[in-house]
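One structure is given here, and the rest of the page talks about it.
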């Protein structure tokens, strides 16, 4: 089985490549890359050729933070619809959070997720195991069992690991399996009852506020724990980092040699708390962490550009339309992102020059592969041939009504953007959705 | 705009209104104020119109004020409250809206604990919606009646110094008042415990003071807010005694204000906590005028939103 992706602009920061070249794939792995080499591949029945002229070819994109709701909340999303959404949005792999029902805190749930994903095979699914049993924040879950079954990270996301003791143990124990501990950083007490960023617009709307400090104190605490208990191999990752100060803390800790990484979401990079007000309290502006101030947003943009933010992840959080069609205070937190992230990044980050394309590929592919320790993130010889093909020129209007995801909850509906995914390949096989 | 200057379907927030619209409500209320002094306090203006009073939060004062206003205008009013109505039990707001819409009321007066609910309703139904208080967001008719009361006592709003003291954080009254008073050219100072001061309140165009005397110094108008005792569990202030010591308005403290400064309170009052009886019942208190004016303001709002003025035009 051979594949030639011919004449595309291959952008692969893992080998410093940004050139129009052919990509040759054999038996699921990259077998060669270079100008004109596609023409030398012997014609045969098993040869598939994908014309990528005027298109961009990148290592498969990886969204390291999604909620696929299965098992337990299949009315919001299933592994099937979530992976279809991933493929439609240009992702070849996603890492799904453990806050399902039952919680992914045991081998059997992990195995179920992986088996279900394999049945559809539209994108790779990397389950993230719960730090604590039942996400209750008390006892460590069976990390070793889950690691053997295939989890790629640990997180109680949806909730923070509140207990300092438990975070300490997670940072210690995870080192046996080289798993990164992903924290949803929020001091629940400080933000109790809050539904939007605390600032001018929580004051105007009268909605209870979630102060930025609720994130910052948790990040600061965790970094202290990482320093003292993270040993030589403990790794800590801040999910959906949203404040200027948290970013500063992460940056400072890393400069002291701590093994800390972080991600930002497209919505925190592109929207602010004023959106809650101007949308007349649209529940599609409600998520955790909340849309922050303009000052925070600008700091995140700088972080994405200068490398202090490692990853862009969507925090894809589908909810049923009925659940969101309620007053702001009652709506669940979260928005979908799998089918908007790439276009938003291309149009609002790359096109205006906040970052270049190579940096975007780093954020959406290389870094998540590295942090999770999964294959991908590179198209060098011998790499797994998970590939995303995208168009920079194609215009698209985000239309939640046409999402593959069951979730329609996005504040970006109707946005006119330039740039979108054209195709994805898993181990050299074109994904059909 | 129609000749009379009002073409809104709903009254949801003072933040939406122009100074001219505010002026219009106040002037319209003038013509309704006099009805309260007649032996027969009823006019046929809204005969045949149905007004639904939908109160999801306990309210005696605002609801009875609206009811009296509706009755004096000869509207047919129906009351739903969350405790007595099967209509709202376990039902989503959207379904409540649909059910109401099916009954084809002309106007809906709504009070709800969650900000944004009146607008949500207004966007979904044809009836005119009047916000009678939504969480800590707005309480537009309260601000209008406060403005009416201030104008009646002082002859103007523009140029006045107004101090608002108390639990600023949880008060919808204060937000509506800040918008209204600043739009009409008054200057507003707020004061209260820092634990009850919302973030970046200064961006709403007010001055913030930490203590009562500084806030009311030279003020023409002093508005005291109700302390919600049930919020003490969140440890926002240590005790009622201490609250009164720091922020209670006494005759002695009132000396800092301008001579003849008037005292407002949206009620219900906690005597001896935010306000001393000697002030509440004193010569410059206009607290009961507020209540009386509330009926006239609500009549004006009901009248303007009913569209009757357009039919006449």
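Could you tell me whether region A:249-351 comes out rounded, prolate or oblate from its Cα gyration tensor? Rule is a ≥ b ≥ c as square roots of the eigenvalues, rounded for a/c under 1.5, then prolate if a/b exceeds b/c, otherwise oblate. Could the numbers behind the result be given before it?
On the way: a/c = 1.97, a/b = 1.85, b/c = 1.06.
Because a/c hits 1.5 or more and a/b exceeds b/c, region A:249-351 counts as prolate.
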Where in region B:5-44 does the label zone of residue B:71 land, with the point 7 angstrom along Cα→C-beta and an amide N cut-off under 14 Å? B:36, B:40-43
Percent of all Cα-Cα pairs per 10 Å bin for chain B, counting from 0 up to the last occupied bin, reads 6, 28, 34, 23, 9, 1
Divide, for region A:233-291, the radius of gyration over alpha carbons by 2.2 N^0.38 Å, where N is the residue count. 1.38
Helix-derived [θ] at 222 nm for the protein assembly as shown: sum -39500 (n - 2.57) over DSSP H runs of at least 4, divide by residue count, nearest 500? -9000 deg cm²/dmol
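Would you mind ranking B:244, A:201 by Cβ crowding within 10 Å, fewest neighbours first? Could the numbers behind the result be given before it?
Values: B:244 19, A:201 24.
Fewest-to-most ranking of B:244, A:201: B:244, A:201.
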Quotient of Cα radius of gyration and Kirkwood radius for chain A, i.e. Rg/Rh, equals 0.96
Can you report the principal axis dimensions of the protein assembly as shown using only the alpha carbons, biggest first, rounded to whole angstrom? 103, 58, 45
The FRET efficiency for residue A:19 and residue A:148, from their Cβ-Cβ distance with R0 = 45 Å and rounded to 0.05, is 0.65
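Looking at the protein assembly as shown only, what percent of DSSP beta bridges run antiparallel? Nearest 5 please.
Working: 31 of 96 bridges.
Approximately 30 percent, going by the DSSP bridge assignments.
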Which of A:342, B:204 has the fewest other C-beta atoms within 10 Å, and how do the rest follow up to the most? B:204, A:342
In terms of the ratio Rg/(2.2 N^0.38 Å) built on C-alpha atoms, what value belongs to region A:197-276? 1.26
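In peptide A:201-212, what is the residue-averaged number of other protein chain Cβ atoms found within 10 Å of each Cβ?
Working: counts 3, 6, 13, 13, 9, 16, 6, 5, 4, 0, 1, 0.
Per residue, the average neighbour count from other chains is 6.
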What's the percent breakdown of Cα-Cα distances in region A:50-96 across 10 Å bins, shortest bin first? 26, 44, 20, 10, 1
Between region B:131-196 and region A:400-433, what is the C-alpha centre distance in whole Å? 48 Å
How many angstrom separate the Cα center of region B:1-70 from the Cα center of region A:362-378? 62 Å
So if R0 is 51 Å, what FRET efficiency would residue A:298 and residue A:35 give, r being the distance between their Cβ atoms, rounded to the nearest 0.05? 0.80
How many angstrom separate the Cα center of region A:182-227 from the Cα center of region A:294-361? 18 Å
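As a footprinting exposure proxy, order A:298, A:349 by other Cβ within 10 Å, with the fewest listed first. Display every interim value, and only then the final one.
Numbers: A:298 13, A:349 23.
With the fewest neighbours first, A:298, A:349 line up as A:298, A:349.
Starting from the Cα gyration tensor of region B:224-313, take the square roots of the eigenvalues, sort them a ≥ b ≥ c, and report rounded, prolate or oblate (rounded when a/c is under 1.5, otherwise prolate if a/b is larger than b/c, else oblate).
Working: a/c = 3.75, a/b = 1.82, b/c = 2.06.
Verdict is oblate for region B:224-313.
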Would you mind getting me the FRET efficiency between residue A:118 and residue A:380? Use the beta-carbon distance for r and R0 = 35 Å, nearest 0.05. 0.85
Points 7 angstrom from Cα along the Cβ direction at residue B:217 and residue B:47: gap in nanometres? 5.9 nm
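Read-outs throughout are calculated quantities, based only on the coordinates presented, and are distinct from any laboratory measurement. In this text the structure is predicted, and so the values were computed from the model without any measurement. Every residue, glycine among them, receives a Cβ derived from its backbone with ideal geometry; neighbour counts consider all protein chains shown.
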